[in-house]
Amino acid sequence: MAASPAGVDSDFTRRLPKIELHAHLTGSISRACLHDIWQQKSARDPALDLEDPLVAIPHGKVDYDIKTFFPLFSSYIYKLCNDMTSIEYSTKAVLEEFQADGVVYLELRTTPRAIPEQNITKDDYVWTILDIINAHNEDPNNTMRAHLILSIDRRNTATEANEVVDLALKHALVGVVGVDLCGNPAQGDVLLFADAFARVKASGLRITLHFAETEASASDEELSTLLSWQPDRLGHVIHVKNEFQEAIKKQNIGVELCLSCNVHAKMITGSYSDHHFGVWRHSSVPVALCTDDVGVFCSPLSQEFLLAAEHFGLGKKQLKELCERAIPSIFSGEEEQARLREVYSTFEC
Ligand code: IMP
Ligand code: ZN
């Protein structure tokens, strides 16, 4: 690994107040937390037919790629976190872990999930998570403020996508700040969601889209369609040719960049120093370093900043400026922007 510029170490990047804008709730649950849930469930139900998470997702295994990553959720994590107790427990743990890592502002995203065998509707799911987020925000001991983005999955039908938008609009005043498009980039037809995202735009809620994650999801048609929805931010932006890079710059769209996720999942060619953060950091658009799925790729945001320092030669002041660069692209409005500006004005490198 390349050496860090003088003085940048893990203590500094943990202490640095950080802004996390691209984190999937279920992908952010740590293995230790999944293991706790599994132990609690096994104690209640000795016949539980699910492997221990420490066996199913071994410590140190981070080489999930586009083929193995998505099934991890559908065939394991969603089966484990399939009741209110586990959803509440894991959401609290995720918030605590981001805060303990020095995150001061978090936009967490999640795909509304109904669990009919537990009589849980998508609305119940969203309410429960918002209750936990709001309780976290109201606790004066907490230094991090969190907000929620609801995700449309690429496998959704147009009706399901509109249902996510309905939920986002319903909960807009109590913590939902935007709508995301996520899911397996090898699947789905984004044209189906034009109406849903037009409704989001018209409502004043913000839009973030997974954009050009793989070559399969980076055709000119797809990227033109996604940009025509006037997104406020884009996630990953990997396979983006010049013409689209210029459009992103012209529209001043914020980019959410995920170093470890892209390297471990082999979504980019090469390693950290080849990451397109090296290109976007020289642009004028808002840039946010993000974790994506810290539970899977095991690199907390403080580690992502350390990697940026090591591989792109950033010093303490530059890392602080990089954090501040994300402020204009947050989804929650002027009050939070002012709070964050104040946080950075008093932070001494
Ligand atoms: P959830 O939405 O809270 O359940 O978080 C997990 C879900 O996020 C997964 O099932 C995927 O649909 C989505 N997700 C997580 N990481 C990625 C990614 O890198 N690309 C696209 N979708 C993702
Ligand atoms: Zn993502």
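The values are calculated or read from the model by the stated rules, or taken from the named source; none is laboratory data. Because the structure is predicted, anything quoted here is derived from the model rather than measured. With ideal geometry, Cβ positions are generated from the backbone for all residues, glycine too; neighbour counts draw on all protein chains shown. Heavy atoms of the whole protein, side chains included, go into the accessibility calculation; ligands, DNA and RNA do not. Shrake-Rupley method; radii C 1.70, N 1.55, O 1.52, S 1.80 Å.
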Exercise. Within region 195-298, which helices (runs of 4 or more DSSP H) (wholly inside it) include 3 or more residues that are of a type outside the set (D, E, K, R) and within 13 Å of ligand 1 (Cβ to nearest atom)?
Worked result: 259-264, 294-297
For this session: Consider residue 349 carefully, then state whether it is modelled with pLDDT under 95 and away from ligand 1 (no atom under 16 Å from the Cβ).
Result: yes
Problem set entry | Options 95, 80, 21; residue that is open to solvent by less than 20 Å² (accessible area, probe 1.4 Å) and touching a residue at least 60 places away in the same chain (Cβ under 8 Å) | 21
Exercise. Do any helices (runs of 4 or more DSSP H) entirely within region 1-75 hold 1 or more residues that are within 16 Å of ligand 2 (Cβ to nearest atom), and if so, which?
Worked result: 66-72
Exercise. Has region 204-218 got any residue that is more than 30 Å from residue 67 (Cβ to Cβ) and more than 19 Å from the chain's Cα centre (by Cα)?
Worked result: yes
Exercise. Is there a residue being under 27 Å from residue 150 (Cβ atoms) and assigned to a loop (DSSP other than H, G, I, E, B) anywhere in region 89-98?
Worked result: no
For this session: Under 9 Å between Cβ atoms, at least 6 apart or on separate chains: pull out the pairs that start in region 292-314 with a residue that is under 16 Å from residue 109 (Cα atoms) and at pLDDT 95 or above and end on any residue that is of a type in the set (Ser, Thr, Tyr) and open to solvent by 20 Å² or more (accessible area, probe 1.4 Å).
Result: 294/30; 295/30
Problem set entry | Residues that are open to solvent by less than 10 Å² (accessible area, probe 1.4 Å) and aromatic (Phe, Trp, Tyr), drawn from region 261-296 | 277, 280
For this session: Could you tell me whether residue 186 is under 19 Å from residue 158 (Cα atoms) and part of a loop (DSSP other than H, G, I, E, B)?
Result: yes
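Checking the condition of a type outside the set (S, T, N, Q), free of Cβ contacts under 8 Å to residues at least 60 places away in the same chain and buried (at least 18 other Cβ atoms within 10 Å of the Cβ), which residue from 190, 177, 104 passes?
On the way: 177 fails: free of Cβ contacts under 8 Å to residues at least 60 places away in the same chain; 104 fails: free of Cβ contacts under 8 Å to residues at least 60 places away in the same chain.
One residue alone meets the criteria, 190.
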Exercise. If you go through region 222-231 one residue at a time, do you hit one that is within 23 Å of residue 26 (Cα to Cα) and modelled with pLDDT of 95 or more?
Worked result: no
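Condition check ((1) of a type in the set (A, V, I, L, M, F, W, C); (2) under 17 Å from the mean Cα position of the chain (by Cα)) across all residues:
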site: 60; (1), (2): no, no
site: 78; (1), (2): no, no
site: 83; (1), (2): no, no
site: 92; (1), (2): no, yes
site: 99; (1), (2): no, yes
site: 102; (1), (2): no, yes
site: 107; (1), (2): no, yes
site: 134; (1), (2): no, no
site: 146; (1), (2): yes, yes
Exercise. In region 141-166, which residues are under 23 Å from residue 186 (Cα atoms) and in a strand (DSSP E or B)?
Worked result: 149, 150, 151, 152, 153
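Can we say residue 46 is surrounded by fewer than 18 Cβ atoms within 10 Å (Cβ to Cβ), out of contact with any Gly (no Cβ under 8 Å at 6 or more places or on another chain) and at pLDDT below 95? It would help to see each step written out before you state the result.
Working: surrounded by fewer than 18 Cβ atoms within 10 Å (Cβ to Cβ): yes; out of contact with any Gly (no Cβ under 8 Å at 6 or more places or on another chain): yes; at pLDDT below 95: yes.
Taking the combined requirement at face value, the residue satisfies it.
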For this session: Check 13, 26 and return the single one that is touching a Gly at 6+ places or on another chain (Cβ under 9 Å), within 16 Å of ligand 1 (Cβ to nearest atom) and either open to solvent by less than 10 Å² (accessible area, probe 1.4 Å) or modelled with pLDDT of 95 or more (or both).
Result: 26
Exercise. Checking residue 125 against (1) open to solvent by 40 Å² or more (accessible area, probe 1.4 Å); (2) within 21 Å of residue 154 (Cα to Cα); (3) modelled with pLDDT of 95 or more, which test does it fail?
Worked result: (1)
For this session: Output the residue which, of all residues in region 100-117 that are within 8 Å of ligand 1 (Cβ to nearest atom) and not in a strand (DSSP E or B), is nearest to residue 291 (Cα to Cα).
Result: 111
